[in-house]
């Protein structure tokens, strides 16, 4: 069998969730959208089942996968509903729902429900994707309460630049939120992963850890609390062929790498069809049998090449870590002009093997 695989450490996932709770002192919704950022939403939710205060997904399709798997904890729909008729399923499966637009509010007012909803009312405090304008926020809150269709409202917003610790935008968004919600007696959710790790002064009754759950830092530079995260995914494969090349010979498509010295090249069963970033340049770190070396040449669909010149013990069958506990996904992403969110979500074709709780 092809040796490419992703090892998922569920004990590390639990550690990271507990860290989010410790740092925030708040209730935490584990964000498992996009199949838990490529880690497998059902297995991750099951592993967090006795810890998590609830889960968050992008849409109702993702929520129903969890409900069908037996996950009974609260599940928040981060994008709310896209059509009014989804409210019947939200009601049936007791899902929590973000409201970020006037039409959603009107749909709730007109809906026939068997029980009141838990609504997370989203303010656009400055990210300018979705969310109610500050001038209409209080009226929306009052309308939801007056509708008789809502049992609880959580006030929320989302930070655009919390991963930039020196940027004033987060403080500006917080001030906008505080002004918009003045006088409203409700719980608050503001902190995503970078805010949990780097903005302890931001109030939040609920936090929404996402990328930090999976052990990757949202920051470009070293950050004290992010250093406590444990990588959850190890993407690995094996060397399937070895080539000895003289100086001056190219490797791979487009001759992007030319050997500057006699070079021992290992061919690895891993490519961009598995989700490894095609634009990762020569020099991107990899580990072979626990020793650091580098990617060389252009990544192909099913294979990539690594430098074994200084690793004489490595050869056919050697284990290769593309990212994980030794080679951080954030370092690979940075080299490839990407982010760990994307490289995790791009993972495909590779079997997921679980260990731990």
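Every number in this text was worked out from the coordinates using simple rules, so none of it is lab data. Note that this is a predicted model, so its numbers are computed, not measured. Cβ: placed from backbone, ideal geometry, glycine included. Neighbour counts: every protein chain shown.
Calculated translational diffusion coefficient of segment 233-355 (10 °C, 1.306 mPa s; Stokes-Einstein with Kirkwood radius over alpha-carbon pairs) equals 111 µm²/s. The helix-based estimate of mean residue ellipticity at 222 nm for the chain, built from -39,500 (n - 2.57) per DSSP H run of four or more residues and divided by its residue count, is -7500 deg cm²/dmol to the nearest 500. In terms of surrounding Cβ atoms within a 10 Å radius of their Cβ, 17, 141, 354 rank from fewest to most as 354, 17, 141. Note on segment 101-249: semi-axes of the ellipsoid equivalent to its C-alpha gyration tensor, largest first and rounded to whole Å, are 42, 20, 14.
With distances taken between every two different alpha-carbon atoms, segment 169-298 has a Kirkwood hydrodynamic radius of 18.8 Å. When only alpha carbons of segment 14-62 are considered, Rg and Dmax amount to 10.6, 31 Å. Here the Debye sum runs over all C-alpha atoms of the chain as equal scatterers in vacuum, and log10 of I(q)/I(0) at q = 0.07, 0.12 Å⁻¹ comes out as -0.36, -0.88. Against the chain, whose longest principal axis is taken from its Cα atoms, helix 10-24 shows a tilt of about 50°.
Tell me, 229, 23 in order of fewest to most beta-carbon neighbours within 10 Å?
23, 229
Here segment 10-214 is treated as a Stokes sphere of Kirkwood radius computed over C-alpha pairs; at 25 °C and 0.890 mPa s its diffusion coefficient rounds to 143 µm²/s.
Summed over all non-identical Cα pairs, the Kirkwood treatment of segment 54-152 gives a radius of 13.6 Å. Once the Cα atoms are used to define both axes, helix 134-147 deviates from the longest principal axis of the chain by about 60 degrees. Legend: ranking of residues 212, 233, 1 from fewest to most surrounding C-beta atoms inside 10 Å; resulting order 1, 212, 233. Each part reduced to its alpha carbon centroid, segment 313-331 and segment 159-187 end up 40 Å apart. When you count the other C-beta atoms within 10 angstrom of each residue and take the mean per peptide, 110-120, 241-251 line up highest first as 110-120, 241-251.
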